[in-house]
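Right, one structure below, let's go through it.
The values are calculated or read from the model by the stated rules, or taken from the named source; none is laboratory data. Treat the numbers as computed from the prediction; the structure is a model and nothing was measured. Cβ placement follows ideal geometry from the backbone for every residue including glycine, while neighbour counts extend to all protein chains displayed. Surface areas here come from the heavy atoms of the whole protein model, side chains and all, with no ligands, DNA or RNA. Shrake-Rupley method; radii C 1.70, N 1.55, O 1.52, S 1.80 Å.
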Amino acid sequence: MKTSFFQLTTLSQSSLQDYVDCVRRFKLRYLDRLSYPAIETEPTLENEKHQQEGEYFHRLVQQYLIGIPAEHIARLANTSNLQKWWNNFQSFSQTSLVNLSNCLPEATLSAPLGNYRLLAKYDLIAVQDGKATIYDWKTYRKRPRNEWLAARMQTRVYRALLVNAGMHLNNGKPFEPEQIEMIYWFADFPEEPARFPYTAAHFKRDWDLLVKLSDEIASATAYPLTDDRQKCAFCTYRSYCERGVRAGDMEQAETEMETEELFDINFEQIGEIAF
Ligand code: SF4
């Protein structure tokens, strides 16, 4: 295995999820920075459109949360999906996001983790009455199981990092884990949010795991291909790894929810929307 040219300095829920799913994918994506734009899912155009709408929806919500009037934003929700998601979000926000004393859309937090900095960008952190709620908007076409979400690195990283890096949001005192809850809100399933409260025991389990993973990453010398070939069907590197050329079926992927990273939003890649 050749030595990587790039020096990795930060870890995120995405890179850690890749590491957990397949260490080879982690190496190709984050150490080698290998661009290998294979189609990840079929049918391609439909999935690309859905992903673009998901990105646009995140931007609309962010603009709303920083104070752009809802009627201006409604005019930009110009596809049937966007209209439906926006209407659902309006109903949700009028009942669940009112009178928040401290509302931070797209907050970025970071903290040291072993040799790295752990970094996370949140859709929204809302603080009220000493409680911090992490919101994450999802535009999945299927509602994933709570057990699957609970095990995701995103759920573990976002809550643990808020404990370790959120003291400026709590009058200079770290949040107790019991003050924190994470809510995934699904634009297509607005009445079925997934809620994940937190406890000191969860926090210890999560942070211990993050430290262990960062130590492993820092000392890794071998990056074998995953034994779970199902992961390869939706992986951009599958032909590079000689694990097949045909893209996996999107419907199957969402049913199994094996490919969240395909739909998670990278805000650095989203252009500003002009109002
Ligand atoms: S194709 Fe399979 S083995 Fe190769 S990086 Fe992707 S998941 Fe890992």
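Among the listed residues 215, 208, 227, identify the single one that is modelled with pLDDT of 95 or more, within 16 Å of the ligand (Cβ to nearest atom) and open to solvent by 70 Å² or more (accessible area, probe 1.4 Å).
Working: 215 fails: within 16 Å of the ligand (Cβ to nearest atom); 208 fails: within 16 Å of the ligand (Cβ to nearest atom).
Selected residue: 227, the only one of 215, 208, 227 that is modelled with pLDDT of 95 or more, within 16 Å of the ligand (Cβ to nearest atom) and open to solvent by 70 Å² or more (accessible area, probe 1.4 Å).
Only one of these is in a helix (DSSP H, G or I) and within 23 Å of the chain's Cα centre (by Cα): 238, 195, 205. Name it.
Details: 238 fails: in a helix (DSSP H, G or I); 195 fails: in a helix (DSSP H, G or I).
Just a single option satisfies the conditions, and that option is 205.
Taking the criterion of being within 30 Å of residue 77 (Cα to Cα), open to solvent by 10 Å² or more (accessible area, probe 1.4 Å), in contact with a helix residue (DSSP H, G or I) (Cβ under 8 Å, 6 or more places away or on another chain) and not β-branched (Val, Ile, Thr), would at least one residue in segment 161-179 satisfy it?
Step one: of segment 161-179, the residues within 30 Å of residue 77 (Cα to Cα) are none.
No; the residues of segment 161-179 include none that is within 30 Å of residue 77 (Cα to Cα), open to solvent by 10 Å² or more (accessible area, probe 1.4 Å), in contact with a helix residue (DSSP H, G or I) (Cβ under 8 Å, 6 or more places away or on another chain) and not β-branched (Val, Ile, Thr).
Kindly provide the set of residues from segment 172-190 that are in contact with a Pro (Cβ under 8 Å, 6 or more places away or on another chain) and either in a helix (DSSP H, G or I) or modelled with pLDDT under 95 (or both), ordered by number.
The one that is in contact with a Pro (Cβ under 8 Å, 6 or more places away or on another chain) and either in a helix (DSSP H, G or I) or modelled with pLDDT under 95 (or both): 178.
Return a yes/no flag: does segment 41-58 have any residue that is of a type in the set (Ser, Thr, Tyr) and at pLDDT below 95. Spell out how you get there, then give the answer.
So the first thing to find is which residues in segment 41-58 are of a type in the set (Ser, Thr, Tyr), and the list is 41, 44, 56.
Checking which are at pLDDT below 95 leaves us with 41, 44.
Yes, the conditions are met somewhere in segment 41-58.
Please enumerate the residues belonging to segment 233-266 that are of a type in the set (A, V, I, L, M, F, W, C), open to solvent by less than 50 Å² (accessible area, probe 1.4 Å) and modelled with pLDDT under 90. Steps first, please.
Step one: list which residues in segment 233-266 are of a type in the set (A, V, I, L, M, F, W, C), which gives 233-235, 241, 245, 247, 250, 253, 257, 262-263, 265.
After this cut, where a residue has to be open to solvent by less than 50 Å² (accessible area, probe 1.4 Å) as well, the list is 233-235, 241, 247, 250, 253, 257, 262-263, 265.
Answer for segment 233-266, where residues must be of a type in the set (A, V, I, L, M, F, W, C), open to solvent by less than 50 Å² (accessible area, probe 1.4 Å) and modelled with pLDDT under 90: 233, 234, 235, 247, 250, 253, 257, 262, 263, 265.
If you check every pair at least six apart or on different chains, which have Cβ atoms under 8 Å apart with a residue in segment 222-235 that is under 15 Å from residue 29 (Cα atoms) and touching a residue at least 40 places away in the same chain (Cβ under 8 Å) first and a residue that is more than 9 Å from the ligand (Cβ to nearest atom) and among the polar types (S, T, N, Q) second?
Cβ pairs passing all conditions: 234/41; 234/259.
For segment 191-231, which residues satisfy the criterion of being closer than 30 Å to residue 242 by Cα and among the β-branched types (Val, Ile, Thr)?
Of everything in segment 191-231, those that are closer than 30 Å to residue 242 by Cα and among the β-branched types (Val, Ile, Thr) turn out to be 217, 221, 226.
Among the listed residues 93, 110, identify the single one that is open to solvent by less than 20 Å² (accessible area, probe 1.4 Å), hydroxyl-bearing (Ser, Thr, Tyr) and touching a residue at least 24 places away in the same chain (Cβ under 8 Å).
Values: 110 fails: open to solvent by less than 20 Å² (accessible area, probe 1.4 Å).
One residue alone meets the criteria, 93.
Name every residue in segment 192-205 that is closer than 30 Å to residue 88 by Cβ and among the charged types (D, E, K, R), in order of residue number. Reasoning before the result, please.
Initial filter on segment 192-205 (closer than 30 Å to residue 88 by Cβ): 192-198, 202.
If the condition is that a residue be closer than 30 Å to residue 88 by Cβ and among the charged types (D, E, K, R), then 192, 195 are the ones that fit.
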